[in-house]
């Protein structure tokens, strides 16, 4: 099937198998490997991308379902050689260790902060509940989210 997708600002028309998952389209057809495959069951959130502005686990959507959509992957987050505030906060707060979950966490936190620019720590924790990190214990991820929100480290519990 032919699909029309705008990905990171670039309009694309591609032929895909109807059963191709969006994550495989992104990684294999578009060669954007920042979107990670963690579980293939939509449990970990490593494959999270924005589809029409909504954080979506791309392993739970077929590429044909995204036909006509605007997609933003981690590669499209930074602009003009400057990091997005969430990316910069991850760097400053050491919000990653192995980095495997980081692209999905950043995308998810972008949506969390867009919906609520001044969240409490508890609201951030709820916002990232669908993203798993096996390395960090989440403390520095939460600190990064609070920094990106302009809130004091630690926030409200």
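Residue-wise test of (1) assigned by TED's automatic domain parsing to the domain that holds residue 144; (2) in contact with a helix residue (DSSP H, G or I) (Cβ under 6 Å, 6 or more places away or on another chain); (3) at pLDDT 95 or above.
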position: 25; (1), (2), (3): no, yes, yes
position: 35; (1), (2), (3): no, yes, yes
position: 40; (1), (2), (3): no, yes, no
position: 43; (1), (2), (3): no, no, no
position: 48; (1), (2), (3): no, yes, yes
position: 59; (1), (2), (3): no, yes, yes
position: 66; (1), (2), (3): no, yes, yes
position: 72; (1), (2), (3): no, no, yes
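How about the range 28-46: which of its residues are within 20 Å of residue 3 (Cα to Cα), surrounded by 16 or more Cβ atoms within 10 Å (Cβ to Cβ) and free of Cβ contacts under 8 Å to residues at least 60 places away in the same chain?
Across the range 28-46, the qualifying residues are 29, 30, 32.
For the range 15-69, what are the residues that are in contact with a strand residue (DSSP E or B) (Cβ under 7 Å, 6 or more places away or on another chain), within 21 Å of residue 134 (Cα to Cα) and outside any helix (DSSP H, G or I)?
Hits for the range 15-69 are 35, 42, 45, 47, 48, 49, 55, 56, 57.
Among the residues of the range 107-125, write down those that are surrounded by fewer than 17 Cβ atoms within 10 Å (Cβ to Cβ) and under 8 Å from the mean Cα position of the chain (by Cα).
Passing the criteria: none in range.
Keeping to the range 86-106, report how many residues are surrounded by fewer than 17 Cβ atoms within 10 Å (Cβ to Cβ) and either in contact with a helix residue (DSSP H, G or I) (Cβ under 9 Å, 6 or more places away or on another chain) or in a helix (DSSP H, G or I) (or both).
5
Can you confirm whether residue 78 is at pLDDT below 95 and in contact with a helix residue (DSSP H, G or I) (Cβ under 8 Å, 6 or more places away or on another chain)?
For residue 78, the condition - at pLDDT below 95 and in contact with a helix residue (DSSP H, G or I) (Cβ under 8 Å, 6 or more places away or on another chain) - is met.
In the range 10-27, what count of residues is obtained for those that are exposed (fewer than 14 other Cβ atoms within 10 Å of the Cβ) and over 13 Å from residue 73 (Cα atoms)? Walk me through how you get there before you give the answer.
The initial filter retains those residues of the range 10-27 that are exposed (fewer than 14 other Cβ atoms within 10 Å of the Cβ), namely 10-11, 13, 15, 17-19.
Those still in the list that are over 13 Å from residue 73 (Cα atoms) too: 11, 13, 15, 17-19.
The total comes to 6.
Check off (1) within 22 Å of residue 100 (Cβ to Cβ); (2) touching a residue at least 12 places away in the same chain (Cβ under 8 Å) for residue 9 and give me the number that stays unchecked.
For residue 9, the exception is condition (1).
The values are calculated or read from the model by the stated rules, or taken from the named source; none is laboratory data. From a predicted model like this one, the values you see are computed outputs, not experimental measurements. Positions of Cβ are backbone-derived with ideal geometry, glycine not excepted, and every protein chain shown enters the neighbour counts.
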